[in-house]
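So the structure is just underneath, and the comments pick up after that.
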Amino acid sequence: MEITMKVVKLSHPNYEYDVHSLVKAFYAEDQVTVITPETKPEKLAELEPQVSLEIELAETGAKIRVGEEDFLWNAETANLADGYKNGLKRFLYRTLSKVTGQELPWGNLTGIRPTKIAYGMLDEGRSDAEILDFMEQSHYVSEEKALLGIDIAKRERDLLKEIHYEGGYSLYIGIPFCPTTCLYCSFTSYPIAAFRRQVDAYVDAVIKEMDYVAENFQDKVLDTVYIGGGTPTTLEPEQLDRLITALKSKFDFSTVKEFTVEAGRADSITR
């Protein structure tokens, strides 16, 4: 299948991530590139002739041009209680929905866990009906997905009731190595092939840091342990075994409610 390019011209670098994410959600099969005034001149010269969607931002609203058709948004008449960015995302969603004939199950939500919205509103004492209405009206989330978000948020709250917020703590162990660095990734990671000789020394350093934490947090309750990255499963089995053996020998796991090892790359996992 041939991948087509979707070039979006944005008049200001603000909201570049949100615009890219939302356009990509509607054009999932296309390669989406956003250019702004901060894009390098040589890249601008190459991509400007390919622009198919142009967004001009202004304090009073925005204009979106798709092909020969213009769509206008007057921010002064819109309800912007939740800020300009959310108003712009609603406008962009409505425009793309009209142009493509699509509606997205999660609406215009990008870069945020949907349950975070539901969770916050539950904490404010809002009813399920109020949360459902907000997610449908403010973010165009489908009823099915909004109800799912509310359900998951309630489950999260039940689980988190047992967390020791005052006298407890959680451990995060970072493994900054990956098979390769994914194009979309913004986390600290290094291709393990180039750093293989340093990995054992890194594991040694992490274990030394465990000694410090275990001593200084011995009066607190350990609630959760998360080994993330990078991709922790890029470690050799004996390295991961050494890390986890040290972890369990230095900390009391009898109170741990979650122990997770992130394994986000199938090419780093073996039986």
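Considering only residues in segment 58-78 that are among the acidic types (D, E) and outside any strand (DSSP E or B), the one that is nearest to L10 (Cα to Cα) turns out to be E59. For segment 203-227, filtering for residues that are in a helix (DSSP H, G or I) and free of Cβ contacts under 8 Å to residues at least 12 places away in the same chain leaves 7. Only one of the numbered conditions (1) farther than 25 Å from Y27 by Cβ; (2) surrounded by 18 or more Cβ atoms within 10 Å (Cβ to Cβ) is not met by E130, and that is (2). Looking across T33, T39, one residue alone is surrounded by 11 or more Cβ atoms within 10 Å (Cβ to Cβ) and in contact with a strand residue (DSSP E or B) (Cβ under 7 Å, 6 or more places away or on another chain). It is T33. Within segment 177-212, being aliphatic (A, V, I, L, M), modelled with pLDDT of 85 or more and out of contact with any helix residue (DSSP H, G or I) (no Cβ under 8 Å at 6 or more places or on another chain) holds for A201, A205. Residues in segment 32-42 include at least one that is among the charged types (D, E, K, R), free of Cβ contacts under 8 Å to residues at least 12 places away in the same chain and farther than 30 Å from I150 by Cα. Here the condition is being at negative phi and assigned to a helix (DSSP H, G or I); of I163, I112, I117, it holds for I117 alone.
The values are calculated or read from the model by the stated rules, or taken from the named source; none is laboratory data. Small disclaimer: the values here were computed from a predicted structure and weren't measured. Don't worry about glycine lacking a Cβ; one is built from the backbone with ideal geometry, like all the others, and counts go over all protein chains shown.
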